[in-house]
Amino acid sequence: MSKMIYTIKPEHHSVSELTKILEEHPEIQFVSFMGIDIGGNGTDEKIPIKLFLKDMEEMLTHGIQTDGSSVELQGIAVLNDARVDILPDVDCIWFVDYNYEYYNDENGLPVGTLKIPSFIVHSGKRVCSRSILKKSVENFSGVLKEILRKNPELTNKYGFKYEDIDEVLLTSATELEMWVKTPEQSADFEELYTSQTLKEQYWKRTMGTVRTVLEKIMDQLERYDLKPEMAHKEVGGITNTVDAKGRITHVMEQLEIDWRFSNALQTADNEIIVRELIEDQFRHHGLEVLFKAKPIEGVAGNGEHTHLGVAVKLKNGKRINLFVPNDMKTDYLSEIGYGSLMGLLKNYEVINPIVTSTNDAFNRLKPKFEAPVCIVTSLGGTKEAPSRNRSVLVGVIRDVASPQATRFELRSPNPFSNTYLVIASSYQAMLDGIINVVDAKMSTQDLEKEISKKYGEVAVYLEKDREYRSEEDVFECYTEEERDKIYGKAPATVWENVKGFDSNISKQEVLKVGDVFTDEIINSFRICTIEKWKNELSGRIIHNNIALLKTFVKLHSEQDHATDLDVVTWEKIVYLKTKLMKDSMTKKCIFTKIKNALDEGDYETASDLQKSMNEKMTEIRALYIEYKKNIF
C-alpha cells in the first residue's frame, strides 16, 4: 500500500508531470471527471487511462461532452438543448479512488480511478453546484476586501493594514453522521428508543466489524491527507448480538466521523470522497450505511453540522480570524462576526430550502430531538465561560483560551443536504449582514444589543417582529405558539419550504448578489426539489406506509382474555387504518387524496395532506405498540 498514491495536488497538474505520475502508477487505470449537479450528485464515468494520456491536453482544456439527461439540471439542460460539458478543475486536489476488489495484473495493487472535481457547463455557462460555491467564495472575498479597504478602523483593530492582506480565507468543515446496520436485519424500535433515552451507546467502545472498519476508515483518511480528528459512536443504536458461532449479528449503530476543516470548495469536495470511502469500506465488510436524515422514525437521525469561518492570511503568513473581537472577555464577536451571524439568521428563509430539501429531512427536524427548527442563535452564556446550546439553529463556537477557533456551527444540515449550495448560500447571507452593519457604523456593543433584541423592538438591520438570540432551551422554555411567534413558523414539508423562495423575494436577492445564484439556478433547484418530493411521496413513502399498516393485524380474541382496553384500542387502530389507506365508493382515503393532488399539480393540498398523514402514522404506530404490549 505504501506504493500507492492517494491525491494529486494542483502543483502537479501539468501535462508532463501528470503523464510521468500515471505512467509510474499503472494501477490507476481510469479517469473520472466529477461534476456536481444541482441535486448535489457527483458524476462518475470511467475514461480509460490510455485515452486520457493520449488526449490529456484537450481534455484538461475543453473537458468532455455528455447530455443533460445524465445530471440534474432541470429547466437548464432541456430536451432540445441538452448538451453539457464537464470541465476539470485544475486548481484543486484530485483524488485516486481505489477498488479493493479488483487488482492490477502488472503490480498487484488495487485498481484506481483518478477522480477530478469538475465544473458542469451548459451553453458556455457554468451551472453546477461547484461553480456556485466557487462564485460565492470569489464574491465574498472581493466584497470583503473592498470593505476592509474602505474601513481601515476594522483592520487597525487586528494590527494590520489593507495592504498586508494576501487573501481572504473562508474555512468550512462538516460533521458526518451515519447509521451502520446488518443488511436485511432490523432491531426492535422500543429497544432502540430506550437505549437512546438512556444514552447507552453515546461515545461507547466500538467492537467487532464496526471497530475494524472504523479504524480502517481513519487510516485511509490519513492517507488522503484529510487529517481525521475523531470517530465515535453517536447516541443511536443498540448492543450487537452474537450468534452461536461467535459471529456478530444485528448490527445497528449510529456513528460520527470528523476530519479537519479546509477552504470552502475543498471541504465540499472532501465530503464526497469521504462518503464514498465510508460506504465502500462498510459494504466490503458486509454492512450497510444509511446517510438518511431520519432512517428510523422516533429514533435519533443523522445530522451534518456545518462549520463556517472567515479569516485573512497576511503576506507575512500570519492568519487572523475576523470573527474574533479585540478582547474575548469583553465581546462575544467582532463587528464582522456579528454581521455574519445576523446575516445568516435574517436570511435563513431562503437558505432553508437548500438545507432541508427532502421528505426525510423533515422527519429529523422535530422538537425534542436536538433539532434546530427555530431561527435563533446562542452566543454562549457568559463571555468568559461560553456554553453550548444544542437547541438553536446557529451555535457560536468560541473559547477564550483558543480564540482563533471561533466559528459558527449551522446545525440544520443533514448528509443529504447539498454541501456546496449550503455553504454558498450561507456565505452570501453572511456577506449581506457584514455589509449592512459596517455601513451602519455599529459598535460591538450596539451589535450585541441588536442580536439580543426582543420581539417588537425596532432594530437597525434585523426584523422588528422577531427574536434572534436565546440562551435557554427553546423547546423547554417556550410553547409551540410562542416559538412560532418570536422565531417564525418553521415549514413542515418540502413544498412549504420551497415556497420560502417566493415569499421572501428581498432575501432571495441576497443569494443573487455577485451573480452567484441566478434566477435560472434557483428555478432549476426548485424544479429538482419538487420533483423529488412528489416522486418520493407518491412512489415510496405512501407505498412503505401501506406495507407497514398491513402488518398491524388483530391479535386479541376471547380465548386470549381480551379486555375492553384491547377492543377499544383495536377499534382506534382500524379507524386510523381506514382513514389512511382504504377507499370506498363515496370516500377517498388520505393516501389516494395525496396521489390525486400531486397528479393535478395541487401541491398546497398535497402538502397539507402529507402533514395529516404524518400525524396519523405517528399516532397509529404508538397505538399498535401499546396494543401489542397488552396481549398475552
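Inside the range 600-632, can you point out the residues that are without any contact (Cβ under 8 Å) to a residue 12 or more places away in the chain and surrounded by fewer than 18 Cβ atoms within 10 Å (Cβ to Cβ)?
Residues satisfying the conditions are Glu600, Gly601, Asp602, Glu615, Ala622, Lys629.
What's the total number of residues in the range 461-482 that are more than 22 Å from Thr330 (Cα to Cα), of a type outside the set (Asp, Glu) and part of a loop (DSSP other than H, G, I, E, B)?
Initially, the range 461-482 is screened for residues more than 22 Å from Thr330 (Cα to Cα), giving 461-467, 473-482.
Still in the running and of a type outside the set (Asp, Glu): 461-462, 464, 466, 474-475, 477-479.
With part of a loop (DSSP other than H, G, I, E, B) added as a condition, the list becomes 461-462, 464, 466, 478-479.
Residues that pass the stated criteria total 6.
Look at the range 19-57 and say how many of its residues are assigned to a loop (DSSP other than H, G, I, E, B) and of a type outside the set (Lys, Arg). Break it down stepwise before answering.
Here is the first cut: in the range 19-57, the residues assigned to a loop (DSSP other than H, G, I, E, B) are 25-27, 37-41, 43-46, 55.
Of the ones still in play, those that are also of a type outside the set (Lys, Arg) are 25-27, 37-41, 43-45, 55.
Of the residues in the range 19-57, 12 are assigned to a loop (DSSP other than H, G, I, E, B) and of a type outside the set (Lys, Arg).
Give the number of residues within the range 287-305 that are part of a loop (DSSP other than H, G, I, E, B) and either modelled with pLDDT of 90 or more or of a type outside the set (Gly, Ala, Ser) (or both).
Going residue by residue through the range 287-305, those that are part of a loop (DSSP other than H, G, I, E, B) are 287, 291-305.
From what's left, either modelled with pLDDT of 90 or more or of a type outside the set (Gly, Ala, Ser) (or both): 287, 291-292, 294-297, 299, 302, 304-305.
Count: 11.
Taking the range 559-592 on its own, how many of its residues are touching a helix residue (DSSP H, G or I) at 6+ places or on another chain (Cβ under 7 Å), free of Cβ contacts under 8 Å to residues at least 60 places away in the same chain and part of a helix (DSSP H, G or I)?
10
Got at least one residue in the range 8-18 being in a strand (DSSP E or B) and modelled with pLDDT of 95 or more? Spell out how you get there, then give the answer.
Here is the first cut: in the range 8-18, the ones in a strand (DSSP E or B) are 8.
From what is left, the residues that are modelled with pLDDT of 95 or more are 8.
Checked the range 8-18: at least one residue is in a strand (DSSP E or B) and modelled with pLDDT of 95 or more.
Which numbered condition trips up Val394, out of (1) free of Cβ contacts under 8 Å to residues at least 60 places away in the same chain; (2) surrounded by fewer than 20 Cβ atoms within 10 Å (Cβ to Cβ); (3) under 16 Å from Lys346 (Cβ atoms)?
Checking Val394 against (1) free of Cβ contacts under 8 Å to residues at least 60 places away in the same chain; (2) surrounded by fewer than 20 Cβ atoms within 10 Å (Cβ to Cβ); (3) under 16 Å from Lys346 (Cβ atoms), the one that fails is (2).
Just the residues that are in contact with a strand residue (DSSP E or B) (Cβ under 9 Å, 6 or more places away or on another chain) and either at positive phi or among the aromatic types (Phe, Trp, Tyr) (or both), please, taken from the range 282-331.
Hits for the range 282-331 are Phe282, Phe291, Gly317, Phe323.
One residue is enough: does the range 156-166 have a residue meeting the conditions closer than 26 Å to Ala311 by Cβ and either crowded, with 20+ Cβ neighbours inside 10 Å or within 27 Å of the chain's Cα centre (by Cα) (or both)?
Step one: filter the range 156-166 for residues closer than 26 Å to Ala311 by Cβ, giving 156-166.
The next check asks that each one be either crowded, with 20+ Cβ neighbours inside 10 Å or within 27 Å of the chain's Cα centre (by Cα) (or both); those that pass are none.
No, the conditions are met nowhere in the range 156-166.
Filtering the range 454-490 down to residues that are of a type in the set (A, V, I, L, M, F, W, C) and free of Cβ contacts under 8 Å to residues at least 40 places away in the same chain, which residue is nearest to Arg390 (Cα to Cα)? It would help to see each step written out before you state the result.
Step one: filter the range 454-490 for residues of a type in the set (A, V, I, L, M, F, W, C), giving 458-460, 462, 474-475, 477, 486, 490.
Within this subset, residues satisfying the condition of being free of Cβ contacts under 8 Å to residues at least 40 places away in the same chain are 458-460, 477, 486.
Values: Val458: 28, Ala459: 26, Val460: 28, Cys477: 13, Ile486: 18 Å.
Among them, the one singled out is Cys477.
Cβ-Cβ below 8 Å, separation at least six or inter-chain, first residue in the range 529-557 and among the aliphatic types (A, V, I, L, M), second not in a helix (DSSP H, G or I): which pairs?
Close Cβ pairs satisfying both conditions: Leu555/Ile631.
Can you name the number of the only condition in (1) touching a helix residue (DSSP H, G or I) at 6+ places or on another chain (Cβ under 6 Å); (2) part of a helix (DSSP H, G or I); (3) not small (Gly, Ala, Ser) that Ile435 fails?
(1)
Go through the range 593-609 and count every residue that is among the charged types (D, E, K, R), under 14 Å from Trp533 (Cβ atoms) and not in a helix (DSSP H, G or I).
1
If I ask for residues that are under 14 Å from the mean Cα position of the chain (by Cα) and not in a loop (DSSP other than H, G, I, E, B), which ones from the range 324-369 would you list?
Filtering the range 324-369 down to residues under 14 Å from the mean Cα position of the chain (by Cα) leaves 351-362, 364-365.
Those that are under 14 Å from the mean Cα position of the chain (by Cα) and not in a loop (DSSP other than H, G, I, E, B): Ile351, Asn352, Pro353, Ile354, Val355, Asn359, Asp360, Ala361, Phe362, Arg364.
Condition first: surrounded by 20 or more Cβ atoms within 10 Å (Cβ to Cβ) and not in a helix (DSSP H, G or I). Now tell me which residues in the range 483-513 satisfy that.
The answer is Ala490, Pro491, Thr493.
Select, from Leu109, Leu79, the only residue that is of a type in the set (A, V, I, L, M, F, W, C) and under 30 Å from Lys216 (Cβ atoms).
Working: Leu79 fails: under 30 Å from Lys216 (Cβ atoms).
Answer to the selection: Leu109.
Listed residues Ser131, Ser136; which is under 21 Å from the mean Cα position of the chain (by Cα) and free of Cβ contacts under 8 Å to residues at least 24 places away in the same chain? Talk me through it step by step, then tell me what you get.
Working: Ser136 fails: free of Cβ contacts under 8 Å to residues at least 24 places away in the same chain.
Result of the check over Ser131, Ser136: Ser131.
The values are calculated or read from the model by the stated rules, or taken from the named source; none is laboratory data. Computed from a predicted structure; not experimentally measured. Note: ideal-geometry Cβ built from the backbone for every residue, glycine included; neighbour counts use all protein chains shown.
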